[in-house]
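Below: the structure, in structure tokens.
Read-outs throughout are calculated quantities, based only on the coordinates presented, and are distinct from any laboratory measurement. Worth saying up front: this structure is predicted, and the values here are computed from it rather than measured. Counting neighbours? That spans all protein chains shown, and the Cβs are built from the backbone with ideal geometry, glycine included.
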Amino acid sequence: MTNIPKEEGLDHTISVLKEGYDFIPNRSRQFNSNLFETSLLGERVICMTGEEAGEIFYDNNKFIRSGAAPKHAQKTLLGEKGVQSLDGEAHHHRKAMFMELMNPEHIRQLGKLIADEWERKLDGWGDGETIRLYQVAQEVLTRAAVRWAGVPLEEKDVEKRTRQLAQLFESPASVGMKYRGAVHARKELEKWIAGLVEDVRQNKLQPPSGTALLTFSEHKDLEGKLLEPRIAAVEVLNIVRPIVAISIYIAFTGHALLQHPDERAALEGSKEEPLEHFVQEVRRLYPFFPFNGARVKDDFEWKGMTFEKGTLVLFDFYGTSREEKNWPDPDQFRPGRFASASVTPFNFVPQGGGDYATGHRCAGEWATIEVMKVTLDYLANKMAYDIPEQDMGYSKASMPAVPESEIIMENVRRR
Ligand code: HEM
């Protein structure tokens, strides 16, 4: 029996905060192993990276999600008792409701709402405006996300709700004031949406059919009971929050466009395929969601190593989407690689891997691609702008990473 390579020392939580996205890739290189053992937040943890590890991590017979997410993330990013924390039949049943919302027609509608919001911005900017792409994208996405979800939002509240939603995904690794602010934001958002769920149930509010607010207000669990309003709110926020989080990918899309002017020509004419390849390469290359955790369901062995029941295991998304054997020259931005790449459910995992319906893979992956494509088309073909000197760097220690300048664009106008 081989032993899993083990990082010496009492606790390495600080190294996760210092090295961020590179924490698992750095050690897997050092140990020359796609799995190793460490200690985080006072607990023994196994970290894994690469396609093969992904196949294991997404095996429902080997891993469960219950008890895997840290409290910190539940209080901010995820919320409590949402789909991410469920296993087995209960998970399958709740996940089906998400996947229902992701039909092609509904996703096209989301893309249309996003385009409408960019149009409105361009109308408002007239002959030219200076913007930070990351910030403007958050507002555009919030407006489109609430409409798509059937959530009424008054104009006077747009700024406040946009900020609160952003606090949820900007804070999971934060401490102190920033963390407390995000906990407060989640409480406020859940209270707001839970109130709307009750209004729907009392017929005081009628969201359009097929929207998240209506679907989750009416959803019954396996025992035939409606979800508690708070939990329905967590699930509505599981639609709205990540749509606003696509602002991070939009900032990186802007980054990629500015850093790789040679790739722009292919985007002219707004053709589907080049737009798609470009956004796929942004999702592959840029850091967003570093890793996720699950617990060992029952003792099992893999590659001669024992995984004991209850052990927390982290699977590396960032490193896996850059594994050299599947992604030659992994650090190069080359959208064209997607013309011939053989993508499997486990080798390209910016939003998780495995199966959508039976596993925990991100329900919003297709919607994310659509939102990014529509926005890229605006950035590449429908907007004119000047780019001033700015700090285009980003820190891989900060999770999530965002370009320092948030992508400043001057004189933004319709092209
Ligand atoms: C339209 C936008 C999005 C929606 C509606 C959405 C929704 C969801 C939902 C409901 C889950 C839980 C799935 C489950 O537990 O079964 C999930 C998982 C996840 N999402 Fe998204 N998401 C969106 C965008 C994003 C974005 C932009 C990212 C950024 C990388 C992301 C990363 C993830 C990750 C990493 C997981 C966990 C995957 C795993 O553990 O395997 N999502 N998403």
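Can you bin every Cα-Cα distance in the chain into 10 Å intervals starting at zero and give me the percent of pairs per bin, rounded to whole numbers?
Percent of Cα pairs in each bin: 4, 21, 32, 27, 13, 2, 0.
Exposure proxy check: 11, 123 ranked by fewest other beta carbons within 10 Å? Present the calculation step by step, with values, prior to reporting the outcome.
Working: 11 12, 123 9.
Lowest to highest Cβ neighbour count: 123, 11.
For the range 13-414, what relative contact order do you get, as a whole percent, if you take Cα pairs closer than 8 Å and at least 6 residues apart?
Details: 665 pairs, mean separation 110.2, N = 402.
It comes to 27 percent, rounded to a whole number.
For residue 365 and residue 221, calculate 0.36 nm times their separation in residues minus their Cα-Cα distance, and state this gained length in nm to one decimal. Numbers along the way, then the final one.
Working: separation 144, 0.36 × 144 = 51.84 nm, distance 2.46 nm.
Length gained between residue 365 and residue 221: 49.4 nm.
For the range 364-415 and the range 26-54, what is the separation of their C-alpha centers, rounded to whole Å?
Cα centroid to Cα centroid, the span is 33 Å.
Given charges of +1 on the Cβ of Lys and Arg and -1 on the Cβ of Asp and Glu, with all other atoms neutral, how large is the dipole of the chain about its Cα centre, in debye to the nearest 20?
On the way: 53 positive and 63 negative charges, 182 e Å.
So the magnitude is around 880 debye.
Across the range 79-131, what fraction of all alpha-carbon pairs, as a whole percent, falls in each successive 5 Å bin from zero upward?
Taking every Cα pair in the range 79-131, the percentages come to 4, 16, 14, 12, 11, 13, 10, 9, 7, 4, 1, 0.
For the residues 81, 62, 271, what sequence is obtained by ranking on other C-beta atoms within 10 Å, fewest first? Display every interim value, and only then the final one.
Values: 81 15, 62 18, 271 11.
Sorted ascending by nearby Cβ count, the order is 271, 81, 62.
Dipole of the chain (Lys/Arg Cβ +1, Asp/Glu Cβ -1, origin at the Cα centre): which of 239, 227, 130 lies farthest to the positive side?
Sorting the options by dipole projection puts first 227.
Which value results when the Cα radius of gyration for the range 51-155 is divided by 2.2 N^0.38 Å? Could the numbers behind the result be given before it?
On the way: Rg = 18.9 Å, N = 105, 2.2 N^0.38 = 12.9 Å.
This ratio for the range 51-155 stands at 1.47.
At 7 Å along Cα-to-Cβ for each site, give me the label-to-label distance between residue 268 and residue 188 in nm.
Result for the modelled spin labels: 4.7 nm.
Among 39, 171, 342, rank each residue by its count of other Cβ atoms within 10 Å, from fewest to most, as a rough exposure measure. All intermediate terms of the calculation are to be shown ahead of the outcome.
Working: 39 16, 171 23, 342 7.
Taking fewest neighbouring Cβ atoms as first place, the list is 342, 39, 171.
Find which of 344, 110, 36 sits farthest along the positive direction of the dipole of the chain, computed with +1 on the beta-carbon of Lys and Arg, -1 on that of Asp and Glu, about the Cα centre.
So the residue we want is 110.
I'd like the Kirkwood hydrodynamic radius of the range 287-415, using the inverse of the mean 1/r over distinct C-alpha pairs, in Å.
Across the range 287-415, the inverse of the average 1/r is 18.0 Å.
If I require 30 Å or longer along the helix axis, counting alpha carbons, and a Kyte-Doolittle average no lower than 1.0, what helices from the chain are left? Use full DSSP H segments. Mind showing how you got there, number by number?
Values: long enough: 104-125 (32 Å, -1.05); 176-201 (38 Å, -0.53); 229-259 (45 Å, 1.22).
Helices meeting the criterion: 229-259.
Just for the chain, what percent of DSSP beta bridges are antiparallel, to the closest 5?
Details: 22 of 29 bridges.
In the chain, DSSP labels about 75 percent of beta bridges as antiparallel.
So, by mean Cβ neighbours within 10 angstrom, what's the order for 4-10, 241-247 with the highest one leading? Please list the in-between numbers first.
Values: 4-10: 12.4, 241-247: 24.7.
Sorting 4-10, 241-247 by mean packing, highest first, produces 241-247, 4-10.
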